[in-house]
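Some notes on the structure that comes next.
Read-outs throughout are calculated quantities, based only on the coordinates presented, and are distinct from any laboratory measurement. As the structure is a computational prediction, the values presented were derived from the model and not from experiment. Using ideal geometry, Cβ is built from the backbone for each residue, glycine included, and neighbour counts are taken over all protein chains shown.
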Amino acid sequence: MNVWRWRTMLAGALLSAGLLSAAFYQDGDAYDLDRLREKFDIIRKSKGVYLNENILLNQVRKVGIAFDPSTADYDLLKKAGASEGFLNAIREMAKARAAEKAKPEPPPPPPQPKEGKLTVACKPIDCEVSLDGKPQGSTQKGELTLGPFPEGPVKVAVTRKDWDPDRDAHTSYIKDKETDRVEFTFKESRAALEAMGQQFFDAMMKALGGDAGIKEASRVRASGARLIAAKEGKSQMQWSAVVLFRLPNDAKFLITNAGQQLQAVKTDAGFAYDRQPKQDGQEMEDAMREVYDRQFGRTLAMLRKSGAENVSTKLIYGEDESKAFRVESGPERYLVTLDAESLPREIKVETSGLMAGLRILYSDFTKVGATRYPKETQVILPGAGTNGAGLRIEKVELGSVAVKDKDLEGKKNWKPLGGK
């Protein structure tokens with residue numbers, strides 16, 4: 001065996017022994033004193049063939065040292081074979097290690113605050129929201145989400161002009177990482193409904209010509225008219241008529257009944273006839289009574305009672321929705337529905353009693369003088385089925401010229417229906 005091969009085998013054996021003695025160390029571990037001494041032992045035994053001081057120093061600089069060297073430690077490293085340059089490098093690393101250890105521990109991060117959110121919902125309209133008395137803005141499409149807020153109670157209040165919430169301020173409790181929800185339901189305030197109802201009433205009066213127009217319509221001559229009676233289970237009956245009205249209590253009907261010309265005047269007891277009807281007299285009188293009682297002028301007088309309150313049915317109407325208001329006078333209630341020109345299209349009796357549910361429909365308004373007057377009146381009696389009366393007018397004349405006092409007179413010998 002030649003000398004070179006023998007030396008190579010010896011160095012390999014020595015290196016293997018050294019590596020085995022340090023096998024429990026990981027490449028990424030910082031160097032302690034024993035590990036450095038073992039490394040220098042390998043350098044010495046292998047005579048720098050497999051490891052030298054420069055390679056070792058680079059490794060130490062990469063992972064650092066894991067001890068605080070004393071004077072005795074430096075002496076041991078020097079005896080193990082460390083050069084002065086290597087020892088100086090260890091000294092610099094020791095200084096850096098000492099400086100790092102001297103740094104104060106950073107304070108712990110502050111605890112995360114316990115916070116949550118709040119959603120306020122309002123229906124059927126948006127509302128203004130305040131928390132603990134401080135305004136927070138308005139809901140959009142019915143909701144407003146606020147926060148985050150610290151955990152704890154918060155007083156929620158909502159408002160909307162002309163509307164009343166279903167409850168007073170509500171105390172909500174904010175919980176950590178949660179969103180509490182509070183809902184409010186609004187209804188129109190009575191004052192706002194009254195204000196709008198009065199607007200509707202004033203618009204109706206303006207469309208009818210105001211007080212002057214209403215006064216003009218206190219005397220009416222309806223010519224070319226058809227008096228109509230409708231009863232469930234029977235064919236509709238009609239009579240040709242000329243009708244005269246004078247408010248507050250007078251009326252005269254000139255009717256063609258079964259080819260017979262007759263006249264009837266309104267009395268305190270009902271109607272008195274110049275001659276008795278040949279047939280269907282009761283149906284005809286019932287129709288005259290309903291038309292007289294629900295004539296436009298009398299209905300307006302009923303709606304204009306002193307002290308009556310006009311209350312809109314609601315504050316928000318759809319584009320194609322008819323405006324409506326109630327006339328409330330003591331126990332009496334009338335629901336008035338207006339058409340697009342603010343003229344009364346329908347009046348419904350809501351007062352309790354036999355007439356509750358009775359409906360009066362006016363249509364085909366015509367301009368006469370300073371006012372508008374319906375050429376068609378329908379009276380639909382309450383209850384199931386179609387029962388009622390109507391008046392369709394060809395020509396309308398108003399005022400004292402159209403109806404003179406003497407036009408309404410009857411004769412003393414005129415008799416009530418069935419009288420002889």
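Label zone of Ala203 (point 7 Å out along Cα→Cβ, amide N under 20 Å): in region 264-302 this covers 300. Footprinting exposure proxy ranking of Tyr50, Tyr334, fewest other C-beta atoms within 10 angstrom first, gives Tyr50, Tyr334.
Set against the labelled values (1) 35, 25, 18; (2) 32, 28, 19; (3) 115, 23, 16, semi-axes √(5λ) of the Cα gyration tensor in Å computed from this structure falls on (3). When you filter the GluC sites (Glu not before Pro) in region 350-420 for DSSP loop state and at most 16 other Cβ atoms inside 10 Å of their Cβ, you are left with Glu350, Glu394, Glu409. For region 217-297, the calculated P(r), taken from all Cα-Cα distances in 10 Å bins from zero up to the bin holding the longest distance, is 18, 56, 25, 2 percent.
Backbone geometry of region 256-267 corresponds, through the Karplus equation with coefficients 6.51, -1.76 and 1.60 at θ = phi - 60°, to 3J(HN,Hα) couplings of 9, 10, 6, x, 9, 8, 9, 10, 9, 10, 6, 10 Hz, x marking Gly and Pro. Between Gly233, Gly64, Gly383, the residue with the greatest mean-square fluctuation in the GNM of the chain (Cα pairs under 10 Å linked by springs) is Gly64. 3J(HN,Hα) couplings calculated from phi for region 95-102 with the Karplus curve 6.51 cos²θ - 1.76 cosθ + 1.60 (θ = phi - 60°) are, in sequence order, 4, 4, 5, 5, 5, 5, 5, 6 Hz; Gly and Pro show x. Under a Gaussian network description of the chain, with springs only between Cα atoms under 10 Å, the residue in Ala241, Ala94, Ala195 that fluctuates furthest is Ala94. Extension gain, Gln279-Asp75: 0.36 nm per intervening residue step, less the Cα-Cα distance, totals 58.8 nm. For Lys175, a cut-off of 22 angstrom between C-alpha atoms picks up these lysines, skipping any fewer than 8 places away in its own chain: Lys114, Lys117, Lys134, Lys155.
Note down the magnitude of the dipole of the chain about its Cα centre, charges +1 on Lys and Arg C-beta and -1 on Asp and Glu C-beta and zero elsewhere, to the nearest 20 debye.
620
Panel order for Glu290, Glu328, by other beta carbons found within 10 Å of each beta carbon, from fewest to most: Glu328, Glu290. Taking all Cα pairs closer than 8 Å and separated by 6 or more residues, the relative contact order of the chain comes to 12 percent.
GNM remark for the chain: springs join alpha carbons under 10 Å apart, and the peak mean-square fluctuation among Leu303, Leu358, Leu77 falls on Leu77.
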